[in-house]
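Q: Please find one structure pasted underneath; my questions will follow.
The values are calculated or read from the model by the stated rules, or taken from the named source; none is laboratory data. Since this is a predicted model, take the numbers as computed values, not measurements. A quick note on method: Cβ atoms are made from the backbone with ideal geometry, for glycine too, and the neighbour counts reach across all protein chains shown. Heads up: the accessible areas ignore ligands, DNA and RNA and are worked out on the full protein's heavy atoms, side chains in. Shrake-Rupley method; radii C 1.70, N 1.55, O 1.52, S 1.80 Å.
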Amino acid sequence: MSTTYRHLAAFTLTLAVFFSIVWPSIAEMELLWRRSETFMHCYLILPIFIWLVWRRKSHLPTKAYYFSPIAALAALASLLLWLSAYLVDVSFIAHLSIIVFCQCVVWACFGKTLFKALRFPLLYLYFLVPFGEAINPILQDITAYLTVAMLNSAGIPVFREGLYLHTAFGLFEVAVACSGLNFLISALALACLYAYLTYNKLVKQLSFVLLTVLLSIFANSIRAFLLIYIAKITDFNYGFGDDHYYYGWLVFFIVTFLMFWLGGYFADKTPSVDHPYTPDIAAEKPFNRVQTAFTLVILTVTLFSSALIRFNLPLTEVIAAAQPSPQILLPRQQQPSDWGITFNDGLQRDMLVLDNGVEVLHASYASRQDQGEMISWHNRLFDRDGWTIVRRTSIGTGWQNQAELLFLRDNRGRSRAVLYTYRIGELNLIRPELVKIAQLVDLLSMQQQGASVLAFSIADVSDDAATDILQQSYLLLGCLPESCKP
């Protein structure tokens, strides 16, 4: 077998085994593309990647491949990162690790020369990862701020309360769908591709991408302003009906046209692909057979070892550790509420109402379950469609003994406060990423302490009164550290 075929065989075998192991994460990625309009563009990324590689085929080195031990170790690290993320259901990190592993395998099996020649197509694969939903609150806040500024400049008085905009002719909410995330990510993917094909210098490429991001955010705010303005001058006959979506598409096409039109003025006359990459063979060091075999053995053993790990722990082993404290096993009351908290699919879920009107939810989870997870997109502390956060404050000392108090408002002006914490063993945490790390440590240490969420809520009282009542209820159940007691 020639040297080239050995490299191709190692590359193909490694990827085949890897994809057979991480297939659940890949299927989850595709499910997110299909379910969300924000990530529909991901279906185009692989065809674009193949076209970009084919476009550079005449400039790719066809010989002098070298195995890279450093890249092989990086592939191992990304594999372990995927495994850790998969264990605690951190989808974004798991999906990202798959792309990083593929890039490292290209480098490990073919060397730095080929990797550099395919640098942009490989980096472009990151757009396969469904990302960005975490910045929705930031984009909503920016949209609300700029919309208020535009309304004031148009002579329309407006009072902003969180994501609610109060005007004399109506109340408007900057909802998640108004954040412009789907437009921003699609425009970012287009901008990166256009900048690569149009400019040779990195400074010009980055400048164009940054300009596109800023223009997309500003255009989304203009869209929100126009919807409110059109609703005002037409007495709500237009602006919030079916034409709501047409305005969004119109703004998208206008911004895309402006982006390409402005970018064309600064385009380089000679595209970057016309400059073939000259491999620096002298800089590459051969990888002898012993090192090659050692690297491949490490990759293969690690891949098969991860495939043999039992990811799903038997629930019977963790139920006892995840049971709630006897202090909160109060008589359960069934009472309808507009709180909207979920946290289903746990080992146990208690919803109760105290004598002072405070609603309490306690839900227990294993560190990992066959179905369901405590920190996930469908588990919510409140109904996001009905309530918006106007203020939040942390309670406690240190990162390991904390609770958070959320002050909410709805579109009718009602108020609600929510005090919550996530408990992993003796830790009280509020940051989801720290909860995931604590769950991973608990899982790998085989302590199986389990996890739980504890939340208190009260509605239609002042913020100061809600703070006192919720803290007293929290203390009554022994959930706050001594340093938090008044």
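Q: Given Leu210, Leu171, which one is out of contact with any Lys or Arg (no Cβ under 6 Å at 6 or more places or on another chain) and touching a residue at least 24 places away in the same chain (Cβ under 8 Å)?
A: Numbers: Leu210 fails: touching a residue at least 24 places away in the same chain (Cβ under 8 Å).
The conditions single out Leu171.
Q: State the number of residues belonging to region 351-374 that are in contact with a Leu (Cβ under 7 Å, 6 or more places away or on another chain) and not in a loop (DSSP other than H, G, I, E, B).
A: So the answer is 6.
Q: Please identify the pairs in which a residue from region 408-426 that is within 15 Å of Ser462 (Cα to Cα) and among the basic types (Lys, Arg) has its Cβ atom under 7 Å from the Cβ atom of a residue that is at pLDDT below 85 and open to solvent by 10 Å² or more (accessible area, probe 1.4 Å), counting only partners at least 6 apart or on another chain.
A: Correct list of pairs: Arg409/Glu161; Arg409/Gly162.
Q: What residue, of Arg119, Arg160, is over 30 Å from Met40 (Cβ atoms) and of a type in the set (Lys, Arg)?
A: Working: Arg119 fails: over 30 Å from Met40 (Cβ atoms).
Unique residue meeting the criteria: Arg160.
Q: Please determine, by comparing only the residues of region 323-345 that are modelled with pLDDT of 80 or more and open to solvent by less than 30 Å² (accessible area, probe 1.4 Å), which one is nearest to Glu28 (Cα to Cα).
A: Among those residues, the one meeting the criterion is Phe343.
Q: Right, next: For Gly111, all conditions in the list (1) at negative phi; (2) over 18 Å from the mean Cα position of the chain (by Cα) hold save one; what is the number of the exception?
A: (1)
Q: Moving to a separate point now. In region 199-213, how many residues are open to solvent by 20 Å² or more (accessible area, probe 1.4 Å), in contact with a helix residue (DSSP H, G or I) (Cβ under 6 Å, 6 or more places away or on another chain) and either modelled with pLDDT of 90 or more or in a helix (DSSP H, G or I) (or both)? Steps first, answer last, please.
A: Step one: of region 199-213, the residues open to solvent by 20 Å² or more (accessible area, probe 1.4 Å) are 200-207, 209-211, 213.
Going one step further and asking which of them are in contact with a helix residue (DSSP H, G or I) (Cβ under 6 Å, 6 or more places away or on another chain), we end up with 200, 205, 209.
Keeping just the survivors that are either modelled with pLDDT of 90 or more or in a helix (DSSP H, G or I) (or both) gives 205, 209.
The total comes to 2.
Q: What's the number of the only condition in (1) at pLDDT 85 or above; (2) on the phi < 0 side of the Ramachandran plot that Leu444 fails to meet?
A: Result: Leu444 fails condition (1) only.
Q: Only one of Trp33, Trp51, Trp107 is farther than 25 Å from Ala366 by Cα, open to solvent by 20 Å² or more (accessible area, probe 1.4 Å) and in contact (Cβ under 8 Å) with a residue 60 or more places away in the chain; which?
A: Numbers: Trp51 fails: in contact (Cβ under 8 Å) with a residue 60 or more places away in the chain; Trp107 fails: in contact (Cβ under 8 Å) with a residue 60 or more places away in the chain.
Trp33 is the lone residue from the list that is farther than 25 Å from Ala366 by Cα, open to solvent by 20 Å² or more (accessible area, probe 1.4 Å) and in contact (Cβ under 8 Å) with a residue 60 or more places away in the chain.
Q: Within region 146-161, track down each residue that is open to solvent by 40 Å² or more (accessible area, probe 1.4 Å) and in contact with a Lys or Arg (Cβ under 8 Å, 6 or more places away or on another chain).
A: First, pick out the residues of region 146-161 that are open to solvent by 40 Å² or more (accessible area, probe 1.4 Å): 146, 149, 152-155, 157, 159-161.
If the condition is that a residue be open to solvent by 40 Å² or more (accessible area, probe 1.4 Å) and in contact with a Lys or Arg (Cβ under 8 Å, 6 or more places away or on another chain), then Glu161 is the only one that fits.
Q: Now for a different question. Restricting to region 161-192, name every residue that is assigned to a helix (DSSP H, G or I) and closer than 16 Å to Val255 by Cα.
A: Going residue by residue through region 161-192, those that are assigned to a helix (DSSP H, G or I) are 176-178, 181-192.
Passing the criteria: Leu181, Asn182, Phe183, Leu184, Ile185, Ser186, Ala187, Leu188, Ala189, Leu190, Ala191, Cys192.
Condition check ((1) at pLDDT 85 or above; (2) open to solvent by less than 60 Å² (accessible area, probe 1.4 Å); (3) out of contact with any helix residue (DSSP H, G or I) (no Cβ under 9 Å at 6 or more places or on another chain); (4) in a loop (DSSP other than H, G, I, E, B)) across all residues:
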| position | (1), (2), (3), (4) |
| --- | --- |
| Phe382 | yes, yes, yes, yes |
| Gly386 | no, yes, yes, yes |
| Gln449 | no, no, no, yes |
| Phe456 | yes, yes, no, no |
| Ala466 | yes, yes, yes, no |
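Q: Right, next: Which number in (1) part of a strand (DSSP E or B); (2) open to solvent by less than 20 Å² (accessible area, probe 1.4 Å) marks the one condition that Val435 misses?
A: So Val435 meets the others, but not (1).
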